[in-house]
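To start, the structure under review is shown below, and the notes come after it.
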Amino acid sequence: MRLLLIEDDITLVQQLKPELERCGFAVDVSHDGVEAEYLGNEAIYDLAILDLGLPKRSGIEVLRNWRKHDNHIPVIILTARDDWHERVDGFQAGADDYLGKPFHSEELIARIQALLHRVHQQPAGLLKADGLSLDEEAQSVRLDSGATYTLTNTEFRLLRYFLLHPDKPLSKMQLSEHVYELDADKDSNVIEVYVRRLREKLGKTRIETRRGQGYVFRSRLT
Ligand code: CA
């Protein structure tokens, strides 16, 4: 999943970005409201983390503009802990969740995961499909046969994206956009390599190749 982190506090960004990446998120950063609003309309992000006090355009304004133009990107706003007014304004502007500063990054990550599950109509807790479950903390997949595999960060990113978008064709381009960051070398052939590695672990029939369309992750094996 690819996140847009909108925050002008460089120290906070330097601390958060690597932690989010370790948790298997591709992270693009924006430091001001104008650029953030533009990037958030690019439709490549799965979720935005939006600070409210930003240079050039306030976070609230950015959020209002997105919603006014039917941009429904899931948004977690970062607010001052003791300012209940900001939180109310945020929800009224169309925020999905909020977190008061200062916060523990573990809480932000838990909220991101919970919101992504909600948006994709998956239950809270472990991500599951027929015959397997994914542990997002351990970045490991467990099969009902009893086998457990620890995944590399890219395998994990890819499998999580599949589990949140089951039973629909996903192009290699789409997959690489949601697995890698803006400045990454996005060779979509690399996706083939990782799909092959996932098939070695999960079995050949789990991920179907659709000619000209990409891949379909099957939630049920029958
Ligand atoms: Ca700020």
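Quick notes on this one:
- Modelled FRET efficiency - R0 41 Å, VAL34 with GLN122, Cβ distances, 0.05 increments: 0.75
- Here the convex hull built on the C-alpha positions of the range 30-92 has a volume of 75 cubic angstrom per residue.
- Relative contact order (percent, whole number), the chain, Cα cutoff 8 Å, 6+ residue spacing: 17
- Spherically averaged projected area of the range 125-167 from its Cα convex hull (nm²): 2.9
- Kirkwood hydrodynamic radius computed over the chain comes to 18.2 Å, based on all pairs of distinct alpha carbons.
- Relative to the current alpha-carbon distance between GLU61 and GLU200, full extension at 0.36 nm per residue lengthens the span by 45.3 nm.
- Efficiency of FRET from Cβ geometry, ASP187 and GLN213, R₀ 22 Å, rounded to 0.05: 0.70
- Looking at the range 2-119, the pairs of alpha carbons with a distance over 26 Å make up 8% of the total.
- Taking the helices alone, the chain has a mean residue ellipticity at 222 nm of -12500 deg cm²/dmol, built from -39,500 (n - 2.57) per DSSP H run of at least 4 residues and averaged over all its residues.
- Pairs beyond 21 Å (Cα-Cα), from LYS128/LYS201; LYS168/LYS204; LYS128/LYS168; LYS128/LYS204; LYS17/LYS168; LYS17/LYS172: LYS17/LYS168; LYS17/LYS172
- Two-decimal ratio, the range 127-217, of alpha-carbon radius of gyration to 2.2 N^0.38 Å: 1.03
- Stretching the chain fully between THR152 and ASP70 yields a gain of 25.9 nm (0.36 nm per residue, less the alpha carbon separation).
Read-outs throughout are calculated quantities, based only on the coordinates presented, and are distinct from any laboratory measurement. Remember, it's a predicted structure, so these values are computed and weren't measured experimentally. Positions of Cβ are generated from backbone atoms using ideal geometry, with glycine treated the same way; all protein chains shown enter the neighbour counts.
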